[in-house]
1. Kirkwood hydrodynamic radius (Cα pairs, Å) of region 389-512?
2. Averaged across orientations, what area in nm² does the convex hull of the alpha carbons in region 314-424 project?
3. Kirkwood Rh over Cα pairs of region 213-304 into Stokes-Einstein at 10 °C, 1.306 mPa s: D in µm²/s?
4. Full extension from residue 128 to residue 14: what is 0.36 nm times the residue separation minus their Cα-Cα distance, to one decimal in nm?
5. What 222 nm value per residue comes from the helices of the chain, counting each DSSP H run with n ≥ 4 as -39,500 (n - 2.57) and dividing by all residues, nearest 500 deg cm²/dmol?
6. Test of understanding: ordering 46, 9 by Cβ neighbours within 10 Å, fewest first, what list do you get?
7. Quickly rank 260-272, 242-254 as a protection proxy: mean count of other C-beta atoms within 10 Å, highest first.
8. Using only alpha carbon pairs under 8 Å that are at least six residues apart, calculate the relative contact order of the chain and give it in whole percent.
């Protein structure tokens, strides 16, 4: 007989008490899980129901429901409420996340017996979990120290430890489904928070209460107001999490160390006064000697946060950025053979908003949430993606900054938007070829003008009027019948007189 975990029990309870099928998104919201986590946990539920002669039915577009008789449903609910039939079973990935969290947050070595008792597993299993955990910690410059009669300790700088904590709580991990997530409004959440049947879950709940992410959202908003700009939504979540961790760590005596040259450079920036103001709100009693490195930490996070748009005075941080952005704009204009793109303000602002934070993250050695990329852009917008890769190589050659794949994809989107803007503002000279008569031609012209304002329709021609001389200045022909172009290289698009959605897509692709 399959033994369900507490989360699986909660999902089954929702399904058995529902009067209609429930969408995966509804189940996720009701059980504080992600949709992916719900799908994963429904598999054992389906097996458990089959063992009780009931069926879990999933209908696309409708939802998930338990198929059984009303009497059988009552019997299942009665058995479900017998708590002795259920237990919390941690997967290896969940244990590794919890072990990593407690090792990173601990002020002293963790005794092996502590891990064994709190997770209710054998020593052999603990050692296996630590072997998986160790390479991930090493990616942050951290190491695990194991000593007999001493315990297990995470070694590294305070900044490295905080980076590991932030990444783990964000969910950037190779261990199973993330247990922790950051949400706007609710802050940091723990998917096992309501199932404290193991001591390590209770310890984790106690630990998470020390990180006040709700207050941290206010600190980020205050910084935005002072700096005169906005971070992206994901950057706000990341900054709130990082500041909450920083507040707790420094509040318990774990302070950053800042190199004198870096401290001097940061103190000369506009962001320093803002960071100092935020630090005063977080630690009003902290001594100035200890406060300066923590102010530096806040300043680094603010400079490295991804912007929603270019901020006032952004390029004043360092003259090298003005030179770099000018160079990138010139390269874009040359790559597209469109000189006007060199002066495209939205593109310039987009480059500033993405390139400078990427530069700062690498300069300070800060972890940041991975940006979106699924590889589709390299196929969908091949030219823009190739140019973005060239720009990334140029940035690396000139400044030693290596842009991650997600940032290269972002550059490709910025380039695509700039090219579409430029194409839309430039008229495209076309002739309409329509042998069906004046009414059909006028209707087609009206539809084209309404849908494509950038088309400069130079006239309507019949097949007898079509000649190379007549269309010498045209960039394209739009015809309602098959025609041969009167001069080499002149594109011809055949459309329906009523201009179908497929026709619109074809013309749009040509224009962009």
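Coordinate-derived values only; no laboratory data. Being a predicted model, the structure only gives us computed values, none of them experimental. Here the Cβ is made from the backbone with ideal geometry for all residues, glycine too, and neighbour counts use every protein chain on show.
1. 16.7
2. Projected over every direction and averaged, the Cα hull of region 314-424 covers 6.7 nm².
3. Estimated via Stokes-Einstein, D reaches 121 µm²/s.
4. Roughly 37.5 nm would be gained on extension.
5. -18000 deg cm²/dmol, from helical runs alone.
6. Lowest to highest Cβ neighbour count: 46, 9.
7. Going by the mean number of other Cβ atoms within 10 Å, highest first, we get 242-254, 260-272.
8. About 8 percent, as a whole number.
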